[in-house]
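In what follows, a single structure is set out as structure tokens and then discussed.
The values are calculated or read from the model by the stated rules, or taken from the named source; none is laboratory data. What you see is a predicted model, and the numbers here were worked out from it, not measured in a lab. Heads up, the Cβs are rebuilt from the backbone with ideal geometry, glycines too, and the neighbour counts pull from every protein chain shown.
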Amino acid sequence: MLVLTRKATERIQIGDNVVVTVLDIRGNKVRIGIDAPKEIRVLRTELRRRTELRNVISEAQRKASLAIAALALPQDPGRIKGWETEGGACNS
């Protein structure tokens, strides 16, 4: 980790396309501005974690839905009244 000391209005260049500017310092809080191309996603860490957690939960819900749907399907379609087992068509 690179540790730098900056004063208000001073900048840090990251690569060719990203500039971080110290906008203001008040007590123990620092306001920064980040200038980056649109294709570079800039997120606060807590938002990124929340997004990742939301994605994990969505995937788990999707898998659970598929598992429940699979359990709801009959193991032997011929046991359902009106279900024709040859050709897979329903007679109802």
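Just a few scattered comments:
Residues checked against (1) assigned to a strand (DSSP E or B); (2) among the β-branched types (Val, Ile, Thr); (3) in contact (Cβ under 8 Å) with a residue 24 or more places away in the chain; (4) not assigned by TED's automatic domain parsing to the domain that holds Thr5:
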| residue | (1), (2), (3), (4) |
| --- | --- |
| Asp16 | no, no, no, no |
| Thr21 | yes, yes, no, no |
| Asp24 | yes, no, no, no |
| Val30 | yes, yes, no, no |
| Gly33 | yes, no, no, no |
| Glu46 | no, no, no, yes |
| Arg50 | no, no, no, yes |
| Asn55 | no, no, no, yes |
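- Of all residues making up the stretch 23-71, the number that are under 18 Å from Ile12 (Cα atoms), of a type outside the set (A, V, I, L, M, F, W, C) and surrounded by 11 or more Cβ atoms within 10 Å (Cβ to Cβ): 4
- Among residues of the stretch 52-88 being modelled with pLDDT of 80 or more and among the polar types (S, T, N, Q), the one that is farthest from Val20 (Cα to Cα) is Ser65.
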